[in-house]
Structures are given as C-alpha cells and as structure tokens.
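Everything on this sheet refers to the single structure shown next.
What follows draws every value from the coordinates through simple rules; no lab data is involved. Since we're looking at a predicted model, the values are computed, not measured. All Cβ positions, even for glycine, are placed from backbone atoms using ideal geometry, and neighbour counts span all protein chains on display.
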Amino acid sequence: MGFYAEPWLKEARDRIKSISVPSGGAQTASIDLNTVAEAVEKAIKAALIENSGTIPQRLENQNLVAICQTTGMWDVLPPALKALVQEVTSLRSNFNGVPQTSNCESSTVQLQRYFQVARGLIDYMEFHVIGNDSVLKRLKVA
C-alpha cells in the first residue's frame with residue numbers, strides 16, 4: 001500500500017467497522033448512511049492522494065461521481081462499485097442531514113448491502129487501484 005493512501009484507507013475501514021447493525025430507524029439509517037458515504041469518499045480520495053500527494057481544491061467541493069469522472073477513476077471502477085458511488089452520492093444529497101421516514105427492516109437490509117459493497121470498494125481501491133501502478137498512473141488528479 002502506498003505511503004500517502006495508508007491513513008486514508010485505515011480511516012475508511014475504521015468508519016465501516018464503527019457501525020453496528022442498524023436498528024434505530026430513519027435517524028440511525030441517516031447517520032449510518034452518512035458514515036458509509038464518508039468511508040467511500042475516503043477510499044476514493046486515498047487513491048487520488050496516492051497519485052498526486054494532494055487533492056486539488058477544485059475537487060473538494062464536487063460530489064463523488066463528479067470527482068470520479070473528472071479524475072478518470074470512473075473508468076477503472078467495476079459496475080457494482082460505480083452503482084455504490086452513485087447511490088451513496090444521491091442518497092447523501094437527499095438526506096442532507098434530515099432523516100426521512102422509511103421502513104426500518106428494508107433500511108437495515110439496504111444499509112447492510114451498502115456496508116458490504118463499501119468494504120469491497122475499499123479493498124478494490126487498495127489492491128486494484130493503489131496497488132497497481134499502471135492503473136494509478138492513469139488517474140488525472142493534477
């Protein structure tokens with residue numbers, strides 16, 4: 001693993017590990033979804049930082065899909081991980097800090113799916129993007 005990316009990937013994994021099985025309804029679902037979104041964001045930014053050493057200011061205020069498309073990350077993500085980034089970005093902007101009422105059971109199942117795919121995204125970033133120089137060099141961060 002790269003020198004710059006290590007703390008970012010560790011933080012992404014720690015965020016996912018800190019979430020227990022959601023059981024508190026929409027309020028907890030909102031908080032847990034935000035935590036998943038933060039972990040996904042950290043994993044994506046870990047690869048970008050490993051590529052260039054920093055994240056340019058112009059990327060800081062963009063959503064995750066736009067960041068991935070702008071940097072070329074979108075081209076190296078498999079469809080399931082693209083879908084996760086799109087869903088998390090969409091749901092994060094919809095929640096916007098305000099919990100919505102939803103079926104707790106379906107929210108729990110959906111959040112568990114997000115946790116599993118987010119873990120896969122973190123591993124993918126570490127081994128297939130950061131750990132693969134040919135992929136890492138294709139990113140256009142600067």
Eligible lysines near Lys140 by straight Cα distance, threshold 22 Å, same-chain separation 8 or greater: Lys42, Lys45, Lys82
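Once you list every other residue whose beta carbon is under 11 Å from the beta carbon of Leu84, what net charge do they have if Lys and Arg are +1 and Asp and Glu are -1? Don't skip to the end; give the middle numbers.
Values: positive: Lys82, Arg113, Arg119; negative: Glu87.
Charge balance near Leu84 sits at +2.
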